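A.B. asks: Below you will find the structure I want to go over with you.
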Amino acid sequence: MPKMKTSRAAAKRFTATGTGKLKRNKAYKRHILTKKTTKNKRNLRKAAITDATNVKNMKKILPYL
């Protein structure tokens, strides 16, 4: 059986934690930041864990993560 291909786009966006969960960066931090509050922007800096509803699909496109 041939090797499975990793989605390179997903590999650049997600990293695995020690327990096997998927860590991701939050969206909405690129532009139009003037109307967002300082508190909101500060919370967008923190990494988040991928939601359980998406994990099955993510593991499929990241077979070696």
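All of the numbers you see were taken from the coordinates with simple rules; none came from a lab. In this text the structure is predicted, and so the values were computed from the model without any measurement. We place every Cβ from the backbone using ideal geometry, glycine too, and count neighbours over all the protein chains shown.
A.B. asks: Condition first: of a type outside the set (Ser, Thr, Tyr) and farther than 17 Å from Lys56 by Cα. Now tell me which residues in the range 10-29 satisfy that.
C.D. replies: Residues satisfying the conditions are Lys12, Gly18, Asn25, Lys26, Ala27, Lys29.
A.B. asks: In the range 7-65, which residue that is without any contact (Cβ under 8 Å) to a residue 24 or more places away in the chain and among the small types (Gly, Ala, Ser) is surrounded by the fewest Cβ atoms within 10 Å (Cβ to Cβ)?
C.D. replies: Gly18
A.B. asks: Residues that are within 11 Å of the chain's Cα centre (by Cα), at least 2 per element: which helices (runs of 4 or more DSSP H) completely within the chain meet that?
C.D. replies: Result: 8-13, 52-61.
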